[in-house]
Amino acid sequence: MLALFEASDGHPLAPQVTGVAFSLDAESFKAFARSLPNGINSPSGQPLHINDVVDFDMCWAYNFADPWGNNFELNCYEYEQIRAELIEVDEVEPVRYWPRELYQQYQE
C-alpha cells in the first residue's frame, strides 16, 4: 500500500519532509528491520540500523534516502505485534519524536 502525506510547516510534533511512505505488514517490516544494516542510508547519510526505527505510538517507521537524496518511509500499523515480536525480542531502542505522554493526552 502506498500512503501519501501532505507536507506542511505547521505540523506541531515533527518536522515534515517531502517523500513517499510505504505501509508494510508486520512480517515484511520485521524482515526489513532485521536485515539492517544492508547498504541503505538514513536521510542524514549514515547507514540505517535496526535502532533507527521510529515509534509514532500508533505505528512504527523507518526513514531512509536513496542515493539521489529522495526520502522514503516504511510504516507498519500493526503496532502491538511489532512491539512484541521485534522491539522487545530484539531489544530495540526506538527513536521517539515526542514524549509518549503527549500522544496519550491527545487520545483522551
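Only the coordinates and a few stated rules stand behind these numbers; no lab work does. Predicted model, so just to flag it, every value in this text is computed and none were measured. Neighbour counts are summed over all protein chains in view; Cβ atoms, including those assigned to glycine, are modelled from backbone coordinates with ideal geometry.
Within region 69-98, the set of residues being in a helix (DSSP H, G or I) and not small (G, A, S) comprises Y79, E80, Q81, I82, R83, E85, L86, I87, E88. Considering every residue within region 60-70, establish whether at least one is under 16 Å from F22 (Cβ atoms) and surrounded by fewer than 17 Cβ atoms within 10 Å (Cβ to Cβ). Yes, the conditions are met somewhere in region 60-70.
Within region 34-57, the only residue that satisfies the criterion of being under 23 Å from P99 (Cβ atoms), charged (D, E, K, R) and surrounded by fewer than 18 Cβ atoms within 10 Å (Cβ to Cβ) is D57. When restricted to residues that are of a type outside the set (V, I, T), in contact with a Leu (Cβ under 9 Å, 6 or more places away or on another chain) and over 16 Å from P94 (Cα atoms), region 40-64 contains 1.
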